[in-house]
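Notes for the one structure printed next.
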Amino acid sequence: MSRQFTSSVERSFYELMDGKDITTVTPYITVDNFPKLGLLASLRFLEWVAYNPEGVISLPTGKTPEYFIKYTRFLLDNWDNDKGHILREKYGLSDVVKPDLRGLSFVQMDEFYPINPVQHNSFYNYVYKYYIDGFGLERDRSLTMNSVTIPLPGELHYRDVFPDLRIDLSLRYREAKSETEKIQQRAIFMIDTWCSEYEEKIREKGGIGFFLGGIGPDGHIAFNTRGSDLWSTTRLTHTNFETQAVAAGDLGGIEVSRNRLVITIGLETITYNRDAVAIIFAAGEAKAGIIKEALESKKDTLFPATVLQRLDSSVFYLTNGAASLLEDRIDQYYFGSEWNNEKTEKAIIDLCTTRDIYGINLTMEDLQSDKYCRMIPGVNENTVKEVVESVKRKINRGIAPDENKVIYHTGPHHDDIMLGILPKCTRQVRSALNEVHFSVLTSGFTAVTNNFIEKILLDTLKLITEGQIQMIFYPDFFEKGYKYKFFKDVYHYLDGTAQQNDAVMKRGICHRIVRGLTEIWNINDKNELISTINSVIHTLRSEYSGSKNTPKIQLLKGMLREYEEELVWAHFGVPVNNIHHLRLGFYKGDIFTEQPEKERDVKPVFDELKKYSPAIITLALDPEGSGPDTHYKVLQTIAAAVKEWGREADLSNLKVVGYRNVWYRFHPAESNCFIPVSLNSLAVLDKSFENCYSSQVNAPFPSYEYDGKFSDLTRQIWVEQLKQVQLILEKSFFYDNDSPIIRATHGMVFVKEMNAGEFLAMAEELEKTMEGLAFGDS
């Protein structure tokens, strides 16, 4: 069924879609990539404003709006010049006069409560910085959520009423048991009254006319989590684990977000104005499951976004990956282009998975009765056998040894390589003929909480005062000695690991912290070292959870993460000199990671490739931005560096291996290489993660899928992926196999191998994603 979009912008993008049959309850438009998602949303927003200059708008916070904000600014700044005209001409706005945003009324849709509004991680601060002030809106027309100005008993500050920032909502329904609880109970009722008044003010404005929002992993829009009343209004409420996991990055860790409540507009608030334009945008395959439920289900409290079915002008903007599980898009995948082997494999594998049946047991009747399998050209009794043989070839490819190779593994963050392809790495480093490098492209300091680094600093201070950091007594230590023997810190820590001696392990970390402090703060003696540690601890204690640290503390946190990475690969004898910490400059801990620049970011990667001339490069393959935005921008950087390297070197023998980890996964049909995982590899994964990534053991920033260590989630994924393969090959293929590696298989890693030409084609596409915006400028 073809959809009739009334918006010129939406019609333009709809015409560019592959496959225009839309059968979902709520319509959608797909685009190729994350930046284009922002471009579509920006153009539609400006189109709406042009015809509704005094309308009421509500815009999202977080990372998803990055390119929406960038493109809106870009278009407003370039509306009447060639840059702006090219985009407007292409996407249906050629005749539209530049909109004036000053007459708009802005409505903040949600906020953590309580939170200091001046904090950079408050949504109040965000909407003022990027929307009200950033877009030039009038402040007196805006409705915002300021925790400080929400009235409380006796005009108290929220810290006086809720000193630990925790709010017990059971006080709404039970008797207060102390004077403190009586004040808190009264405060909760006053907050509830404020929320009702906020709702009334929105309705007095006629309701929201233009709503743009993201969608959470549980399907939440604003903070209306799974199970929210479809007629809900503005309120103070709890969140669920999935939402808390996503919010952990904003608030400084899951231990904070678990206990922080939120104020959110309701689902009825969003849809009160039945003439409203309501848009949900989402990027990446990680969102595909919840997008399917939101678009293909009838109105249901389990899927809050289904409430948008009330509105005639509601629409979802999606990347192809985010839309990939929709029935329409699956049909388009199979029927919209020439059939190939990947489609055959996907159809057979999905049929086995859906019916929970071994491939060998599939009959011709099963194949003919399946919507997609019956479309396989020349489908017959040998079709499943051909898929079986293809899967076997993928496994053989995965167990083929890499010998006499220079291998350059890359990761956006520390632990990405381990969680992506550890079993392959362990086999590569066992060969003395290989030269294996591990390169982490960002500093990764945002993954270290203030509480964790403070604890390490207190341990370090204690060891110094007890005389157990002996290297500081060497006469040249503070001049140059701190630069030497970094490997000793690693070796001593792993000695402690072998001995199961926490004290020895702690001493190894503290030695590295002393080296870091000395380098960063240019320390000259023991007394200055002690003074600096005390000063850093004081600074950390004065900061709020989730605050942006000073550059020096960022560097110290990053050096701790670098040490953790060295510990992992030292398990296998990899020298410290083969572990590279590039600390690319675009990574600064801001809400929006900067766009990579050629001189600052691409050149260091290019220099590494030129220096080591690897035969194999591995990387996190996330071309749609499913995971953290750093993954996407690191991929852009590596692609640009390989392209530059290709101008000087013959890359005809280069192999590029794309891996995925806890944030997103390959379908087995997408992958052309399966890497078997043994119980030994699973044990190494678990223990090395636990022993080495000490800052991550308690999962301060967990995946929304699992409340625990990333290594535990990785194990689950690898085991689930093996089950998919077992359904095709049968378990006997493994336990009766002549190969010890295959007999020992109890998990599976899916990767995608590419030659230089295939990867450079991807590099070209990534350059094009920044339509109208510069990429790679220094």
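The values are calculated or read from the model by the stated rules, or taken from the named source; none is laboratory data. No experiment lies behind these values; they were computed from the predicted model shown. Positions of Cβ are backbone-derived with ideal geometry, glycine not excepted, and every protein chain shown enters the neighbour counts. Just the protein is used for accessible areas: all its heavy atoms, side chains included, with ligands, DNA and RNA removed. Shrake-Rupley method; radii C 1.70, N 1.55, O 1.52, S 1.80 Å.
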### Query
Is it the case that residue 75 is modelled with pLDDT of 95 or more, open to solvent by less than 10 Å² (accessible area, probe 1.4 Å) and in contact with a strand residue (DSSP E or B) (Cβ under 9 Å, 6 or more places away or on another chain)?
no
### Message
Quick check on my filter: what residues within the range 593-638 are under 16 Å from residue 651 (Cβ atoms), assigned to a loop (DSSP other than H, G, I, E, B) and hydroxyl-bearing (Ser, Thr, Tyr)?
### Response
613
### Task
Identify, by number, the condition in (1) under 30 Å from residue 734 (Cβ atoms); (2) open to solvent by less than 10 Å² (accessible area, probe 1.4 Å); (3) in contact with a Ser or Thr (Cβ under 8 Å, 6 or more places away or on another chain) that residue 671 doesn't meet.
(3)
### Task
Determine whether the range 685-698 contains at least one residue that is at pLDDT 95 or above and either among the aliphatic types (A, V, I, L, M) or within 28 Å of residue 654 (Cβ to Cβ) (or both).
yes
#### Entry: Those residues of the range 718-733 which are closer than 28 Å to residue 663 by Cβ and among the aromatic types (Phe, Trp, Tyr), in sequence order
718
#### Entry: Those residues of the range 419-439 which are in contact with a helix residue (DSSP H, G or I) (Cβ under 6 Å, 6 or more places away or on another chain) and either closer than 26 Å to residue 590 by Cα or surrounded by 20 or more Cβ atoms within 10 Å (Cβ to Cβ) (or both), in sequence order
419, 422, 423, 436, 437, 438
### Task
Name, by its number, the condition in (1) open to solvent by less than 50 Å² (accessible area, probe 1.4 Å); (2) more than 17 Å from residue 488 (Cβ to Cβ); (3) touching a His at 6+ places or on another chain (Cβ under 7 Å) that does not hold for residue 548.
(1)
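A quick yes/no check of all residues on (1) open to solvent by less than 20 Å² (accessible area, probe 1.4 Å); (2) at positive phi; (3) small (Gly, Ala, Ser):
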| site | (1), (2), (3) |
| --- | --- |
| 69 | yes, no, no |
| 89 | no, no, no |
| 95 | no, no, no |
| 99 | yes, no, no |
| 103 | yes, no, yes |
| 109 | yes, no, no |
| 113 | yes, no, no |
| 117 | yes, no, no |
### Task
Among what's in the range 451-482 and is open to solvent by 30 Å² or more (accessible area, probe 1.4 Å) and among the polar types (S, T, N, Q), pick the residue that is nearest to residue 542 (Cα to Cα).
451
### Message
Can you confirm whether residue 395 is touching a residue at least 40 places away in the same chain (Cβ under 8 Å), in contact with a Gly (Cβ under 7 Å, 6 or more places away or on another chain), buried (at least 20 other Cβ atoms within 10 Å of the Cβ) and outside any loop (DSSP other than H, G, I, E, B)?
### Response
no
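Residue under question is residue 696, and the condition is that it be among the polar types (S, T, N, Q) and surrounded by fewer than 21 Cβ atoms within 10 Å (Cβ to Cβ); does it hold?
So residue 696 fails the test.
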### Task
List the number of the failed condition for residue 464; all other conditions in (1) part of a helix (DSSP H, G or I); (2) touching a helix residue (DSSP H, G or I) at 6+ places or on another chain (Cβ under 6 Å) hold.
(2)
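Each row is one residue, and each column tells you yes or no for (1) closer than 22 Å to residue 119 by Cβ; (2) of a type outside the set (Asp, Glu).
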| position | (1), (2) |
| --- | --- |
| 161 | yes, yes |
| 165 | yes, yes |
| 178 | no, yes |
| 200 | no, no |
| 208 | no, yes |
| 230 | no, yes |
| 248 | yes, yes |
### Among residues of the range 134-164, those that are part of a loop (DSSP other than H, G, I, E, B) and of a type outside the set (Ser, Thr, Tyr), counted
16
### Task
May I ask you to list the residues in the range 522-558 that are within 22 Å of residue 696 (Cβ to Cβ), in contact with a Leu (Cβ under 9 Å, 6 or more places away or on another chain) and assigned to a helix (DSSP H, G or I)?
536, 537, 540, 553, 556
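Is it fair to say residue 64 is among the hydroxyl-bearing types (Ser, Thr, Tyr) and either assigned to a loop (DSSP other than H, G, I, E, B) or over 21 Å from residue 595 (Cβ atoms) (or both)?
yes
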### Query
Under the condition of being touching a residue at least 24 places away in the same chain (Cβ under 8 Å) and part of a loop (DSSP other than H, G, I, E, B), which residue from the range 165-205 is surrounded by the most Cβ atoms within 10 Å (Cβ to Cβ)?
167
### Summary
In the range 261-287, anything at pLDDT 95 or above and farther than 22 Å from residue 208 by Cβ is listed as 261
### Message
For the range 212-252, which positions are in contact with a helix residue (DSSP H, G or I) (Cβ under 6 Å, 6 or more places away or on another chain), more than 18 Å from residue 290 (Cβ to Cβ) and at pLDDT 95 or above?
### Response
231, 232, 233, 234, 235, 236
### Query
Which residues, taken from the range 288-340, are basic (Lys, Arg) and open to solvent by less than 50 Å² (accessible area, probe 1.4 Å)?
310, 329
### Query
If a residue has to be assigned to a helix (DSSP H, G or I) and open to solvent by 20 Å² or more (accessible area, probe 1.4 Å) to count, how many in the range 710-751 make the cut?
16
### Message
I want to confirm something. Restricting to the range 484-532 and keeping residues that are aromatic (Phe, Trp, Tyr) and open to solvent by 80 Å² or more (accessible area, probe 1.4 Å), which single residue is farthest from the chain's Cα centre (by Cα)?
### Response
484
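Counting only residues that are over 25 Å from residue 706 (Cβ atoms) and assigned to a loop (DSSP other than H, G, I, E, B), how many does the range 206-223 have?
The qualifying residues number 4.
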### Task
Determine whether residue 662 is within 27 Å of residue 563 (Cβ to Cβ), open to solvent by 10 Å² or more (accessible area, probe 1.4 Å) and part of a loop (DSSP other than H, G, I, E, B).
no
#### Entry: Answer residue from the range 440-450, given it is among the hydroxyl-bearing types (Ser, Thr, Tyr) and either in contact with a Ser or Thr (Cβ under 8 Å, 6 or more places away or on another chain) or over 25 Å from residue 587 (Cα atoms) (or both) and is most open to solvent (accessible area, probe 1.4 Å) among those
449
### Query
Which pairs have Cβ atoms under 6 Å, sit 6 or more apart or on different chains, and link a residue in the range 57-68 that is at pLDDT 95 or above to one that is part of a loop (DSSP other than H, G, I, E, B) and surrounded by fewer than 24 Cβ atoms within 10 Å (Cβ to Cβ)?
60/214
### Query
Is the range 632-645 home to any residue that is within 22 Å of residue 425 (Cβ to Cβ) and either of a type outside the set (A, V, I, L, M) or touching a Gly at 6+ places or on another chain (Cβ under 7 Å) (or both)?
yes
### Task
Output yes when any residue across the range 112-132 is at pLDDT 95 or above and more than 30 Å from residue 245 (Cβ to Cβ), and no when none is.
no
